[in-house]
1. Given 0.36 nm per residue, what is the gain on full extension from Thr170 to Asp330 after removing their alpha carbon distance, in nm?
2. For Arg259 and His232, FRET efficiency with R0 = 22 Å and r from the beta-carbon atoms, rounded to 0.05?
3. If the only charges are +1 at each Lys and Arg Cβ and -1 at each Asp and Glu Cβ, what is the size of the charge dipole of the chain around the Cα centre, to the nearest 20 debye?
4. Could you tell me how many degrees, from 0 to 90 and to the nearest 10, lie between the Cα long axis of helix 125-137 and the main elongation axis, the longest principal axis, of the Cα atoms of the chain?
5. Please compute the Kirkwood hydrodynamic radius over the chain, one decimal place, Å, based on all pairs of different Cα atoms.
6. Which length gain, in nm to one decimal place, applies between Lys45 and Gln476 when the Cα-Cα distance is subtracted from 0.36 nm times their residue separation?
7. Quick check: residue separation of Ala266 and Val54 times 0.36 nm, minus the Cα distance between them. What number comes out in nm?
8. 5 Å is the cut-off here: which amide hydrogens, built 1.01 Å from N in the peptide plane, fall below it relative to Ile82, excluding neighbours closer than 5 in sequence?
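Values quoted throughout were computed directly from the atomic coordinates according to the rules given, and no laboratory measurement underlies them. Treat the numbers as computed from the prediction; the structure is a model and nothing was measured. Cβ atoms come from the backbone with ideal geometry, glycine included; neighbour counts cover every protein chain shown.
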Amino acid sequence: MAGKIVGIDLGTTNSVVSIVEGGESVVIPSAEGDYLFPSVVGFSKTGERLIGSVAKRQAVSNPDRTVISIKRYMGTEHKVTIDDKQYSPQEISAMILQKIKTDAEAYLGFPVEQAVITVPAYFSDSERQATKDAGTIAGLEVLRIINEPTASCMAYGLNKESENGDDGKTETVLVWDLGGGTFDVSIVEIGGGLVEVKATAGNSHLGGDDWDQRIMDWLIEEFKAKYNIDLHSDRLAMQRLKEASENAKIKLSAETSTRINLPFIAADSTGPKHLDFELTRVKFQALTADLIEQCEEPAKRAMSDSGLSIHDINKVLLVGGSTRMPAVQDKVRSLFNKEPSREIDPDKVVAMGAAIQGAVLAGEVKDMVLLDVTSLSLGIETVGGVFTKLIERNSHIPCSKTRIFTTAADGQTIVEVHCLQGERELAAHNKSLGRFELRNIPPAPRGVPQIEVTFDLDANGIVNVSAKDMATGNKQKITIQSPTNLSREEVDHMVKEAAVYADEDAKRREESTIRNKANIEIDTAEHTMRDLGERITPEHSRALRDSIDRLRMSMQSFDLQKIAADTKTLSDTLFAISTDAYYSLETGRVGAGAPGSSALKRPEDRIETDEGSEEPADEELFGWFDKKG
Ligand code: AMP
């Protein structure tokens with residue numbers, strides 16, 4: 001049986017591992033007999049490593065030597081220091097994966113060497129790469145990194161097909177994933193064996209832990225009011241409170257009231273004190289109402305990003321243990337006006353989907369394709385500091401986009417390809433991914449060289465950028481290896497900021513475009529004057545000079561309308577004069593007009609060669625590299 005591929009949901013609070021057996025995805029239990037592997041690593045004073053539930057149990061009483069939520073640091077330089085030894089997030093994650101691998105092997109009775117691991121859809125390249133590295137350190141060959149919502153849909157997609165054989169219909173699904181520490185909303189299309197994520201949004205600091213904390217705070221407050229003892233400073237008491245709070249929360253998902261009883265939690269001069277309170281679901285929901293409200297904003301953002309309306313959503317999937325709370329389900333029902341699906345255990349669904357992807361890769365399950373989306377747009381810097389996007393935010397991955405660019409100056413032999421990620425109009429406001437130069441471009445007038453820039457985004461979300469000079473075939477490229485380190489907050493922040501600054505950015509971009517056009521027109525006019533020499537009449541020469549001077553003057557100002565108008569005047573003047581000059585070539589007479597004929601090729605006449613695009617000539621589509629070298 002060797003060679004089976006497991007699916008691993010490497011979670012912030014808990015991890016789960018699954019495998020497809022006999023066409024069914026089944027979850028593999030830990031050595032402790034639980035299907036959840038707490039993503040916790042502890043180091044005992046004697047140097048022993050504690051992983052999973054044993055580590056979780058001692059977490060509050062041994063916080064300095066316990067690592068929790070390491071997933072938040074994946075892909076960063078963050079280090080964990082224990083006894084003067086430093087551990088990277090990859091190494092800590094690898095310890096969790098190692099435990100999963102060992103337990104799975106013991107349970108299955110054969111070696112586990114290959115895995116599909118899931119990550120949040122918003123994970124950047126470096127976070128994906130770090131996750132992959134963690135697998136490698138743990139002795140696993142990571143065949144694919146897939147997005148968590150995609151995995152959830154894989155689990156449902158397969159179920160659907162095997163249950164009713166319906167594979168022709170497309171469904172739009174909203175995945176509502178509320179785990180222990182994070183909240184993610186994704187909008188996914190499923191149909192005909194296809195799973196496609198259309199948009200994602202979320203809050204990386206909202207999860208079951210916050211609900212636990214509210215119960216804890218309440219207990220501490222009540223206890224203080226009753227006995228005037230503050231439990232905050234007592235670590236052991238805090239550990240017991242935390243466990244009791246989570247248990248109470250879980251009970252309140254099924255019952256309307258629960259008793260929280262912690263004997264001997266504290267003591268004072270009058271003797272030992274016992275904590276004993278009744279918590280009703282109503283009270284619990286009142287304590288946490290604002291947390292439920294916080295779920296709304298990301299849900300709305302994902303909807304608006306996808307361009308869909310509530311009516312387009314056919315199904316809402318509940319993923320993550322915290323979706324067992326009745327208040328969460330009520331919120332989903334009221335937001336989407338339908339009953340959410342809970343057919344698959346919300347803790348297991350992601351790992352089960354990952355296992356299915358493993359089975360697809362192993363050829364055991366056929367007719368299933370995966371498509372995911374990018375969380376931020378990708379592009380390059382062009383003249384005037386403008387950010388020109390090649391791959392738009394929420395594009396499906398893997399994908400590849402090519403556009404033709406040219407030089408901004410005569411004789412320019414070097415261009416710099418500055419790769420960026422973000423949503424703002426100007427390069428400086430976006431995240432730089434890296435830059436490289438394409439050299440030895442044959443000297444030519446500006447606008448003539450054709451430089452093909454390609455962005456390739458692979459299935460794991462890793463970016464390759466190349467630039468090719470079409471004349472010589474010279475090519476340069478980079479792989480974005482140690483790129484963004486963008487956290488979820490940064491992604492969210494960048495998207496929000498882009499919306500806030502949209503008007504301002506659009507203005508600056510417009511200004512940049514107008515000034516760029518003016519410069520090109522002046523340049524062209526001066527060239528033309530030189531080239532035509534004698535064939536231009538003195539009046540025409542004067543008219544052209546005047547137009548150029550006027551435009552130069554207006555460019556000193558901030559009056560964009562005037563610059564645009566004077567550019568147009570210069571362009572028209574030039575057009576008439578050059579037409580005239582060419583006509584006079586034919587007739588031998590200087591100054592004879594020939595309406596309608598234009599032999600001058602202007603940059604605007606060039607078209608973009610984007611694949612399948614038949615856009616008309618438009619200088620917006622035609623990128624110019626800044627002068628370089
Ligand atoms: P996950 O990260 O998806 O494993 O979710 C873990 C979170 O789900 C933790 O905060 C758990 O306390 C919470 N959870 C698990 N079961 C329940 C339940 N029945 N009711 C409320 N929360 C739960």
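1. Details: separation 160, 0.36 × 160 = 57.60 nm, distance 2.61 nm.
Length gained, Thr170 through Asp330: 55.0 nm.
2. Working: r = 23 Å, r/R0 = 1.04.
Working from the Cβ atoms, E equals 0.45.
3. Taking the Cα centre of the chain as origin, the dipole is about 1020 debye.
4. On a 0 to 90 degree scale, this one is about 50.
5. Working: mean 1/r = 0.0354 Å⁻¹.
28.2 Å is the Kirkwood radius here.
6. Working: separation 431, 0.36 × 431 = 155.16 nm, distance 5.27 nm.
Value of the extension gain: 149.9 nm.
7. On the way: separation 212, 0.36 × 212 = 76.32 nm, distance 2.47 nm.
Answer, rounded to one decimal: 73.8 nm.
8. Here the answer is Tyr87, since their amide H atoms fall under 5 Å of that of Ile82.
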